[in-house]
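The structure appears right after this line, and notes come after that.
The values are calculated or read from the model by the stated rules, or taken from the named source; none is laboratory data. In this text the structure is predicted, and so the values were computed from the model without any measurement. No Cβ is skipped: glycine too gets one built from the backbone with ideal geometry, and neighbour counts run over all protein chains shown. When the accessible area is computed, the model is the full protein with side chains, heavy atoms only, and any ligands, DNA or RNA have been set aside. Shrake-Rupley method; radii C 1.70, N 1.55, O 1.52, S 1.80 Å.
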Amino acid sequence: ARPYIESGDRYSPLYAALTSQLRAAGANLAPDAATASAVIRLHVDSTGRELFSIAANNKPGEYEVYYAAEYSVTAGERELLARQQARLTRDYSYDEAEVLAKEHEEQSLRVALADELAGLILRRLAAL
């Protein structure tokens, strides 16, 4: 297979995870859509955090990190997979005394969620 990943952000954790997992599965990525056997389009590739709970002292207690994606797959003019949505979340406790450690934990969660999303997308592609 010679897929091409079309994305607005080629430096996102999801793009990196998809590229890595496709290569690990033996795919040779195409340099552009014209030479690709299939085009994976990432319509939405977003991540963020939302307040999950508030502690008794009226400060943030937990946050929820999310990673959302919308993607589709085409081969030439033929649509192989219509636009799909996927969203994964993880929550983590927050402590003002450990801000740097919690920022690192949040970033690690984002990368882990991107890896999981890439795996979901690849499993969906394998079923085609």
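Taking amide H as placed 1.01 Å from N in the peptide plane, the amide H of residue 30 sits under 5 Å from that of 4, each at least 5 places away or on another chain. Under 13 Å from the 7 Å Cα→Cβ point of residue 72, by amide nitrogen: which residues of segment 1-26? Answer for segment 1-26: none.
Between the residues 120, 67, 80, the greatest Cα displacement towards the positive end of the dipole of the chain, with unit charges on the Cβ of Lys, Arg, Asp and Glu, is found for 80. According to the calculation over all Cα-Cα pairs in segment 55-105, the P(r) per 5 Å bin from zero is 5, 15, 17, 13, 11, 8, 8, 8, 7, 5, 3, 1 %. When 11, 63, 94 are compared by accessible area of protein heavy atoms, the largest-first order is 11, 94, 63, using a 1.4 Å probe. Solvent exposure of segment 1-106, expressed per residue, is 59 Å² of accessible area, with all protein chains present and a 1.4 angstrom probe. Label sites at residue 91 and residue 79, each approximated as a point 7 angstrom past Cα along Cα to Cβ, lie 3.7 nm apart. Nonpolar atom fraction for the chain, defined as the carbon and sulfur part of the 1.4 Å probe accessible area, stands at 49 percent.
Note on the chain: Kirkwood radius taken over Cα pairs, Stokes-Einstein applied at 20 °C and 1.002 mPa s, translational D equal to 135 µm² s⁻¹.
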